[in-house]
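Inspection log for the structure reproduced underneath, given as structure tokens.
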Amino acid sequence: MKIRYFDNAATTKVKKEVFNKMFPYFMQEYGNPSSLYKMGRTAKAAVEEARRNVAKLINCDKNEIYFTSGGTESDNTALKGIMYLEKHKGKHIITSKIEHPAILNTCKTLEENGYKVTYLNVNKDGIIDIEDLNNSITKDTVLISIMFANNEIGSIQPIQAIGEIANKKGIIFHTDAVQACGNLNIDVKKLKIDMLSLSGHKIGAPKGIGALYVNKNIKFKNLIDGGHQEKDKRAGTENVPGMIGLGEACRIAKDHLETHIYQMTELRDYYISKIKSNLSDIKINGSMEHRLPGNSNISFKNINGNELLAKLDEKGICASAGSACSSGSNLPSHVLTAIGLPSEYADGTLRVTFGDDNTKEDVDYLVTNLIEIVENAKK
Ligand code: PLP
């Protein structure tokens with residue numbers, strides 16, 4: 001059976017060009033980038049080229065990019081790395097209620113260690129209120145961490161406005177852009193972003209590689225102690241193929257950004273309009289105006305989400321009930337709770353996230369099956 005993959009917010013297929021670029025660094029150019037002979041120097045040069053490509057995607061200097069093991073590590077490093085270093089300045093962080101667990105659970109650990117965290121509410125579209133943010137700032141506030149775009153409902157936050165407030169008040173602004181990078185145009189200088197997390201496996205690079213951008217004027221404490229790799233900020237022998245893969249994925253993302261955004265938006269809107277015109281008792285979650293191009297999140301009233309997923313799976317369709325991290329549990333996700341979705345809808349939520357391999361024909365197949373499954377479940 002042909003598999004139709006609609007779970008690109010959970011992870012993506014490694015792009016062929018990315019795989020090909022990585023391939024020589026497993027068995028031919030396998031030198032340690034710290035080694036001084038030619039094979040080491042070749043690996044080092046490739047890592048630096050990759051760093052340049054990551055930097056270009058978000059418009060920063062290559063020396064402001066630190067490779068990590070992924071979005072989770074980048075988020076941990078940003079929050080703990082700043083708060084531990086700046087504890088004499090203040091112990092207050094502002095974040096939102098709809099962040100990924102990589103942020104929320106890091107905040108929980110910080111709270112257990114005497115830090116204070118404000119979790120901003122979001123409106124029914126999943127967007128924070130700028131006034132609310134302004135009012136939450138105290139003289140103790142050191143860091144604002146607000147995600148660029150949400151992994152479940154795709155809502156995009158007012159990043160430029162947040163950046164301006166943080167900048168004016170001398171507060172560091174970090175954004176988790178794991179879902180946004182490669183899917184939206186991001187310019188960290190224009191948006192006044194001080195730190196940004198990104199992850200390879202969401203943009204056609206392998207799992208286990210990511211990066212953290214840190215503005216060159218900002219100091220942070222390393223999480224991992226060891227050798228001098230990554231300018232003493234992330235010890236451990238470099239994941240050379242992973243870094244090269246991430247660099248190539250970022251290069252491709254930058255080169256094709258406009259087409260990618262256009263195509264994903266078309267598929268998403270086509271899918272949503274088909275569902276809207278064929279099924280009643282549905283709710284489209286998240287903002288339609290400020291939304292990731294490839295994200296759809298629809299709730300079907302009185303439908304069991306896990307059963308829906310299982311039936312789609314039988315048809316070769318991969319989708320998600322919410323965030324990959326919260327799937328498996330029957331409780332509505334913290335994001336759906338935060339936007340105030342009634343439980344008779346929240347239980348039947350389907351996240352469909354599009355990728356470059358999806359075609360209109362795939363969407364037609366999904367729509368036909370989904371309508372049939374939902375209608376049968378109501379009988
Ligand atoms: N932040 C967001 C918004 C995510 O969607 C994810 C992954 O789903 C992460 C962080 C974690 O990234 P990684 O899987 O690379 O650790």
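The values are calculated or read from the model by the stated rules, or taken from the named source; none is laboratory data. Model, not experiment: these values are computed from the prediction. Glycine gets a Cβ as well: all are built from the backbone with ideal geometry, and neighbour counts include every protein chain shown. Accessible surface is based on the protein model in full, side chains and every heavy atom, while ligands, DNA and RNA are left aside. Shrake-Rupley method; radii C 1.70, N 1.55, O 1.52, S 1.80 Å.
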Self-check item: Of all residues making up the stretch 317-357, the number that are on the phi > 0 side of the Ramachandran plot and at pLDDT 95 or above
Solution: 1
Quiz item: If you take the residues in the stretch 237-255 that are surrounded by 14 or more Cβ atoms within 10 Å (Cβ to Cβ) and part of a loop (DSSP other than H, G, I, E, B), which one is nearest to the ligand (Cβ to nearest atom)?
Solution: 239
Self-check item: Residues within the stretch 81-107 that are free of Cβ contacts under 8 Å to residues at least 60 places away in the same chain, open to solvent by 40 Å² or more (accessible area, probe 1.4 Å), within 16 Å of the ligand (Cβ to nearest atom) and under 18 Å from residue 136 (Cα atoms), tallied
Solution: 0
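Would you be able to tell me the number of residues in the stretch 1-43 that are within 16 Å of the ligand (Cβ to nearest atom) and in contact with a Pro (Cβ under 7 Å, 6 or more places away or on another chain)?
The total comes to 1.
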Exercise. Go through the stretch 264-379 and tell me which strands (runs of 3 or more DSSP E), entirely inside it, have 1 or more residues that are closer than 25 Å to residue 2 by Cα and under 19 Å from the mean Cα position of the chain (by Cα).
Key: 295-300, 349-353
Self-check item: Only listed residue being in contact with a His (Cβ under 8 Å, 6 or more places away or on another chain) and in the same structural domain as residue 268 (by TED's automatic domain parsing), chosen from 332, 342, 293
Solution: 293
Practice problem: Just need a number here: residues in the stretch 184-212 that are under 21 Å from residue 167 (Cβ atoms) and more than 10 Å from the ligand (Cβ to nearest atom). | Solution: 14
Quiz item: Hey, does the stretch 113-120 have a residue that's in contact with a Gly (Cβ under 9 Å, 6 or more places away or on another chain) and within 16 Å of the ligand (Cβ to nearest atom)?
Solution: no
Quiz item: Do we have residue 204 as of a type outside the set (A, V, I, L, M) and on the phi > 0 side of the Ramachandran plot here?
Solution: yes
Quiz item: Which ones in the stretch 341-362 are surrounded by 21 or more Cβ atoms within 10 Å (Cβ to Cβ), in contact with a helix residue (DSSP H, G or I) (Cβ under 7 Å, 6 or more places away or on another chain) and in contact (Cβ under 8 Å) with a residue 60 or more places away in the chain?
Solution: 349, 352, 354, 358
Quiz item: If you scan the stretch 209-226, which residues turn out to be under 22 Å from the mean Cα position of the chain (by Cα) and aliphatic (A, V, I, L, M)?
Solution: 209, 211, 212, 214, 223
